[in-house]
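Input: a single structure, listed below in structure tokens.
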Amino acid sequence: MATDISNPVATSSCWSCGEMRAAHFCHACGRVQPPLPVDYFAFFSLPKKLNLDTELLERGFYELSRKLHPDLYARSDQQEQEWSLQQSSLLNDAYRTLKDPIKRTEYMLRLEGVELEEQSKTATEKARATGQIKKQVVPPDLLEEVFDLNMQLEELRAQKKLGEDDPALVEEIGRQKLELEEKHAALVEQLQTCWKAWDRAVDSGNDSDRRSVRDKMIDLLNRRNYIRNLVRDVNQVLES
Amino acid sequence: MAYSDKVLDHYSNPRNVGSLDKSSPEVGTGLVGAPECGDVMKLQIKVNPQTNIIEDAKFKTFGCGSAIASSSLATEWVKGKTVDEALQIKNTEIVKELSLPPVKIHCSVLAEDAIRAAIQDWKKKQETGKPVAAAVAVQ
């Protein structure tokens, strides 16, 4: 029996009393259960939506963390201790991911089979195979901007090293930083619009809408990544 | 994670850093980026119009050590090759030469992209360059 229950997929009944189990505890006897291979939304019994009821998420998190805390299982047998530990760590991962709207979006895309880290490589392989020019995942105008600002940052870094930073350059970089922050805010706003559109497309089962919102979100996340890194670099140089 | 000696060598002594005249008809410019890490890479080639041989190459990369090393190596490799030969360079060869770990493969992808983008830019100039040159001659 022990080998059976160690595989969470193998059973949906409680390992202890045999009743139908819930995701974390058995309804009937209340014992902790091995984690089920479910997505983070299902882990919290939340609808799989990008517009998430964060209050509900928070409440679920606190409730479950109280009940799953490994300290509570200090005197249980080793298998139960391990399960509570696994459930707790899953709980933390799931909460952190769903709470942050950007991470939530990236996670949803991953559930859709989109590996953001793989896009560039996939596009290169496709370009090589077809002999076509690769479609850049980041638009050229943004790349130009990133490149030029990086050149200025490099200059400012060099100046700072010599202790002679040019106030005009500092001001210019500061101005661009403000612009970037505005752009960042606009991107997040556009993302929020996408969440609604995404949830709608999923609800209505409209696959072409779903694909187009998905691609839009990938594009927005890619741009956002660049801008966020750039603002971070600017801050580093300005504060150094 | 430790960088390989070759990465460190290119990183501390990058070859061919700089820029070429972007507006020259003999120069192709590729500007590419990887959203994974926020790196940007500019690679430029200067092609002899008679032989199609890449006579000079320059790069400037903002990114991690592996991205800098990949683009530095790319400029070394394309120099002396014809445009068509340079198009054969694959990111996997860069990975092998620099012993890049799996998490840094995208840096080599970026370098391959940059070579292709630069060549594409140069080719475009060759197609459109002739009528422009003729127009200038008429003036």
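The values are calculated or read from the model by the stated rules, or taken from the named source; none is laboratory data. Note that the coordinates shown come from a computational prediction; the quantities given were computed from them, not determined experimentally. Using ideal geometry, Cβ is built from the backbone for each residue, glycine included, and neighbour counts are taken over all protein chains shown.
Quick look at the values:
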item: Options B:Leu98, B:Leu87; residue that is touching a Leu at 6+ places or on another chain (Cβ under 7 Å) and over 21 Å from A:Phe147 (Cβ atoms); result: B:Leu98
item: Total residues in the stretch B:82-119, condition of a type in the set (S, T, N, Q) and surrounded by 19 or more Cβ atoms within 10 Å (Cβ to Cβ); result: 2
item: Exclusive hit being of a type outside the set (Asp, Glu) and within 12 Å of the chain's Cα centre (by Cα), set B:Thr82, B:Thr51, B:Thr75, B:Thr92; result: B:Thr75
item: Evaluation of B:Ile54 against (1) surrounded by 19 or more Cβ atoms within 10 Å (Cβ to Cβ); (2) away from chain A (no Cβ under 11 Å); (3) in a helix (DSSP H, G or I) (one fails), failing number; result: (3)
item: Among residues of the stretch A:1-56, those that are surrounded by 12 or more Cβ atoms within 10 Å (Cβ to Cβ), modelled with pLDDT under 75, assigned to a helix (DSSP H, G or I) and of a type in the set (Val, Ile, Thr), counted; result: 1
item: Candidate set from the stretch A:110-123 (those that are of a type outside the set (Asp, Glu) and more than 13 Å from chain B (Cβ to nearest Cβ)); member that is surrounded by the fewest Cβ atoms within 10 Å (Cβ to Cβ); result: A:Gly113
item: The stretch B:28-51, residues that are farther than 30 Å from A:Asn225 by Cβ and either surrounded by 17 or more Cβ atoms within 10 Å (Cβ to Cβ) or free of Cβ contacts under 8 Å to residues at least 60 places away in the same chain (or both); result: B:Lys46, B:Val47, B:Asn48, B:Gln50, B:Thr51
item: Test for A:Arg211: is it away from chain B (no Cβ under 14 Å), exposed (fewer than 13 other Cβ atoms within 10 Å of the Cβ) and within 22 Å of the chain's Cα centre (by Cα); result: yes
item: Test set (1) surrounded by fewer than 15 Cβ atoms within 10 Å (Cβ to Cβ); (2) modelled with pLDDT of 95 or more - B:Lys79 fails condition number; result: (1)
item: Unmet criterion (only one of (1) at pLDDT below 90; (2) among the polar types (S, T, N, Q); (3) over 18 Å from the mean Cα position of the chain (by Cα)) for A:Asn235; result: (1)
item: Unique residue being of a type in the set (A, V, I, L, M), touching a Phe, Trp or Tyr at 6+ places or on another chain (Cβ under 9 Å) and away from chain A (no Cβ under 14 Å) when the list is B:Val40, B:Val17, B:Val27; result: B:Val27
item: Test: A:Arg200 is in a helix (DSSP H, G or I), free of Cβ contacts under 8 Å to residues at least 24 places away in the same chain and not aliphatic (A, V, I, L, M); result: yes
